[in-house]
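The values are calculated or read from the model by the stated rules, or taken from the named source; none is laboratory data. Quick caveat, the model's predicted, so the values are computed rather than measured. Cβ: placed from backbone, ideal geometry, glycine included. Neighbour counts: every protein chain shown. Remember, those area values only see protein heavy atoms, side chains included, never the ligands or the DNA or RNA. Shrake-Rupley method; radii C 1.70, N 1.55, O 1.52, S 1.80 Å.
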Amino acid sequence: MTVGIDIGGTNTDGAIVGDDIQTFKVPNELGIGEILKEISKHVDLKKEKLIVSTSLPLNLLLSRFEEYPTLVILFPGPGLNYESYGKVLSGAVNHRGDVVEDLDEEEVRRVVEQNRDKYKNVAIASKFSIRNPLLELKAAKIVADYYGYEDMALSFHIPELNYPLRINTTVINAKIKKTVCELTKLIKRYSDEFFYYKGDGGIIPYQIALDNPSELYNSSPASVAIGAYYLTKEKNALVIDIGGTTTDFVQLENGKPKIVERIEIAGRKTLIRCVESFSIPFGGDSIVEDGKLKHKRLDKPIAFGGKYFTLTDALNCVGFEIGDHKASRERGKDVLGDLSDAEGIVEDYVTMVAESIKAVECSKIIGTGYLARFLIPMIAKKAGVCYVIPEHSEAVNAIGVAVSRISLTLYARFDTERGVAVFNGDVERFDKSFPDDEEFIQIAVERVRSEAKMFGASDEDVENVKVLYFNCFTVVRGGVKRGKIADVIVQIEPGISHDFL
C-alpha cells in the first residue's frame, strides 16, 4: 500500500491506495497532523510508503515574495557584473571546476553581519558550483554562524548550468526552505522516510527536497492530472479541479500532463520545471456579496458550519443537497432575498469555466474535486464537450500522489583529461580517456538509476530515463587530443509507478 497526501488551498486530502482505495479529507485549519493521525488509524505510516504534495502553501508564500527578503551572496568570478542580482564577493570557480580564487572569509562575514537585520534568509551561488561546490560550502559554513540551516539555500543543488536563472531559483529555495523544513519535522513524527511530490508529476526523497524545495512548486495540479489519468485512462482531456479557493485546469496529452520549463515567479525567470496549468480565482468556498460571486475565500460554506454564503451554498439553493443544505437555504433568504437569484450565481461560475474550456479547444473534460459531480455536467453542457467524473473524484489529487513513481534528476560533468567526474556536486575520479558520447550518457543513466534504487525504486520504475541535455567536445593541446569534456543532464521520467499499472 501507498499513502498519498495533498495539501491544497482549502483542504488536505489523503488516500491509501492498494487493492482498494480509501480517501480522507480535513480542512487545512486542522493541519496536516490531523490527516496523518486519521490515516494512522488504518495503516502503519512507519512501514508503508508515504508521499506528500505541498505546493499550494509554497505558492501562497511566494505570492508574498517581498515579505521574505533574501540576502544573495554571489561568486560569479572576475569581470562579470551581477550586482543587480545580489552582493558580489571575491572568489571564483572556473568553467573546469577549479577554484581559481578563494573566497575572503572576512568579507563574507562582514557582508552577513552588516545585513543580518535586513534579511530573513540567505541564497549562496557560485557560477560553476555544480562542477565544484567548494566556495558555496565554505561560505555556508560562515553564514551558519548567523542563520540556521533552514534559512539558507545553495545553488549547486540545482542541476543546471544557467547562472542567472540558477541564482533566481536559489532565491526561491531560500524563501520557502523553512516552510518545507518545518513540514518535514512534523511528518517525520509519523514516518521516518517519506517522499515529496514534484511539480512535474514525479516523487523525490524528502532529503533532496530540503536542498531544492522549488521542485515542489505547482505539485497539486500535477497530482490531479496524474490521478485523473490513473482513474479514467483518458489520454487526451482537460482536467478541471474544482477546489475551495480556485478552479484549476491541466491538459493531458497522451496520458501525461504538459510540462513547462523555466517558469517565471515574481517577474524572475527560474529553472523550475513543472506541469503547465492555469486557474480562475473561484471555487466552492468563494463568497457571494451583493448578489455576485467574489474571488475571495473567508471561511467554509454555511453548509459545512461556516459564516459566509458561498458558491456551495448557492448550489444548495438551486436544489442540490450538499452538507447542511437547509442551513444554506435559510441563509440564502437573507443574502439573496429571492432564492431563485442563486441560479444566476451558479450560471456565472459555469459560464466562466465553460469559456476557459473553449479557449483550450478540447473535446473532453475530466471533473475532479468535491463539487465536480454537481457542477461538471452543467459545465460540459455549456461548453459543448463530453465529460468524465471518476470514482473518488473528491480526492483525485491524493490518489495521483500515491500512484506516482520516483523521478530523480542528475547533472554529470566528465573531464577525462583530468580524470574527474562530478555527479550533482560530488567530485570523483574518472579513469576513462576517450569514451564515446553514448558511453558518457549511459554512465549518467546508470548513476541516476542506482541513486533511485537506493531510495527503494524498482527496476521497472527507473527504466525510462530521459536525456535533458548533452554536450561533448575534445580537448586539444599542441595539436594532440588530450581528453574529452562532457556535460549530461538526465532524469527518470515522472509518471505512474509500475506497482499500479
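Listed values, structure above:
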read-out	value
So residue 422, is it open to solvent by less than 60 Å² (accessible area, probe 1.4 Å), over 29 Å from residue 195 (Cα atoms) and assigned to a strand (DSSP E or B)	no
Those residues of the stretch 318-337 which are outside any loop (DSSP other than H, G, I, E, B), open to solvent by 10 Å² or more (accessible area, probe 1.4 Å), touching a helix residue (DSSP H, G or I) at 6+ places or on another chain (Cβ under 7 Å) and without any contact (Cβ under 8 Å) to a residue 24 or more places away in the chain, in sequence order	325, 329, 333
Verdict on residue 65 being modelled with pLDDT of 90 or more and among the aromatic types (Phe, Trp, Tyr)	no
The one condition in (1) free of Cβ contacts under 8 Å to residues at least 40 places away in the same chain; (2) within 30 Å of residue 279 (Cβ to Cβ); (3) not small (Gly, Ala, Ser) that residue 83 fails to fulfil	(2)
Some residue of the stretch 173-188 being in contact (Cβ under 8 Å) with a residue 24 or more places away in the chain, touching a His at 6+ places or on another chain (Cβ under 8 Å) and surrounded by 22 or more Cβ atoms within 10 Å (Cβ to Cβ)	yes
Index of the failed condition, residue 428 passing every other in (1) in contact (Cβ under 8 Å) with a residue 12 or more places away in the chain; (2) not in a helix (DSSP H, G or I)	(1)
Tally of residues being in contact (Cβ under 8 Å) with a residue 24 or more places away in the chain and either of a type in the set (S, T, N, Q) or surrounded by 14 or more Cβ atoms within 10 Å (Cβ to Cβ) (or both) across the stretch 448-468	12
Elements of type strands (runs of 3 or more DSSP E) contained in the stretch 48-164, each with 2 or more residues being of a type outside the set (Asp, Glu) and under 22 Å from the mean Cα position of the chain (by Cα)	49-53, 121-126, 152-154
Qualifying positions in the stretch 271-317 - of a type in the set (A, V, I, L, M, F, W, C) and either without any contact (Cβ under 8 Å) to a residue 40 or more places away in the chain or in a helix (DSSP H, G or I) (or both)	287, 298, 302, 303, 304, 309, 311, 314, 315, 317
Candidate set: the stretch 57-112, residues that are small (Gly, Ala, Ser) and farther than 30 Å from residue 13 by Cβ; chosen: the one surrounded by the most Cβ atoms within 10 Å (Cβ to Cβ)	91
Options 408, 375: the member that is open to solvent by less than 40 Å² (accessible area, probe 1.4 Å), modelled with pLDDT of 95 or more and farther than 22 Å from residue 55 by Cβ	375
Set 356, 363, 340: member being surrounded by fewer than 22 Cβ atoms within 10 Å (Cβ to Cβ) and free of Cβ contacts under 8 Å to residues at least 12 places away in the same chain	340
Listing of strands (runs of 3 or more DSSP E) fully contained in the stretch 175-249 that carry 1 or more residues being within 24 Å of residue 130 (Cβ to Cβ)	195-197, 203-205
Filtered residues of the stretch 340-363 (kept if in a helix (DSSP H, G or I) and of a type in the set (D, E, K, R))	341, 343, 347, 348, 355, 358
Selection from the stretch 370-399 of residues that are in contact with a Ser or Thr (Cβ under 9 Å, 6 or more places away or on another chain) and assigned to a strand (DSSP E or B)	386, 388
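Yes/no matrix, rows are residues, columns are (1) at pLDDT below 95; (2) open to solvent by 20 Å² or more (accessible area, probe 1.4 Å); (3) under 25 Å from residue 334 (Cα atoms):
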residue	(1), (2), (3)
238	no, no, no
262	yes, yes, no
277	yes, yes, no
288	yes, no, yes
291	yes, yes, yes
